[in-house]
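Peer 1: What follows is a structure written as structure tokens; I'll ask about it next.
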Amino acid sequence: MSACLFCRVINGEIPAQVVFSNERIVAFKDINPQAPTHILLCPVKHIPALSQAEAEDAAVLGEIQHVAAQVAVKGGLEGFRLVLNNGRSAGQNVDHIHYHLLGGRRLAWPPG
Ligand code: 5GP
Ligand code: ZN
């Protein structure tokens, strides 16, 4: 059993509402949504933080952006935001890279 929460979601140990998956990426609904659409997109590979990603991880991180846009457009979102928190002081609480796809309401700028 993995100690990582999102590895456990990805391997099915913890149930989640998965909206997209392939061999490299899993996207699922956030358990505590901050917008009408709030989806988390993770690489299947356990990478603790963007600051710890390696050059070889660039392809999957780019693919995540493409998948996020496809999920957003298919979901009818005209505007959306893709956010990655890196480090505790920036709000990262789960140490497995995840992008937040947020949409369905007006999103203020700058974020808090
Ligand atoms: P972070 O704060 O690390 O950027 O984001 C972690 C996100 O994971 C939060 O938005 C939180 O609501 C979500 N989350 C935490 N535990 C679970 C869970 O067990 N299942 C799902 N689907 N989301 C979770
Ligand atoms: Zn993990």
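Every read-out reported here was derived from the displayed coordinates using simple, explicitly stated rules and does not represent laboratory data. Given the structure is predicted, the values throughout are model-derived calculations rather than measurements. For neighbour counting, all protein chains shown are included, and Cβ atoms are generated from backbone atoms with ideal geometry for every residue, glycine included.
Peer 1: How much length, in nm to one decimal, is gained on full extension between Q17 and W109, taken as 0.36 nm per residue of separation minus their Cα-Cα distance?
Peer 2: 30.3 nm
Peer 1: Also, quick follow-up: For the stretch 59-82 and the stretch 1-40, compute the distance between their C-alpha centroids and round to whole Å.
Peer 2: Cα centres, the stretch 59-82 to the stretch 1-40: 15 Å.
Peer 1: Still on this structure, please answer the following. So what is the relative contact order of the chain, in percent, for Cα pairs below 8 Å that sit 6 or more residues apart? The partial results should precede the final answer.
Peer 2: On the way: 156 pairs, mean separation 33.0, N = 112.
So the answer I get is 29 percent.
Peer 1: With a point put 7 Å past each Cα toward its Cβ, work out how far A49 is from R8 in nm, to one decimal.
Peer 2: Placing both labels 7 Å along Cα→Cβ, they lie 2.2 nm apart.
Peer 1: For n ≥ 4 DSSP H runs only, could you compute -39500 (n - 2.57) per run for the chain, divide by its residues and tell me the 222 nm figure to the nearest 500?
Peer 2: Numbers: 2 runs with 23 residues, N = 112.
After summing the helix terms and dividing by residue count, I get -6500 deg cm²/dmol.
Peer 1: Multiplying the sequence separation of K74 and S89 by 0.36 nm and subtracting their Cα-Cα distance, what value in nm do you get?
Peer 2: 2.1 nm
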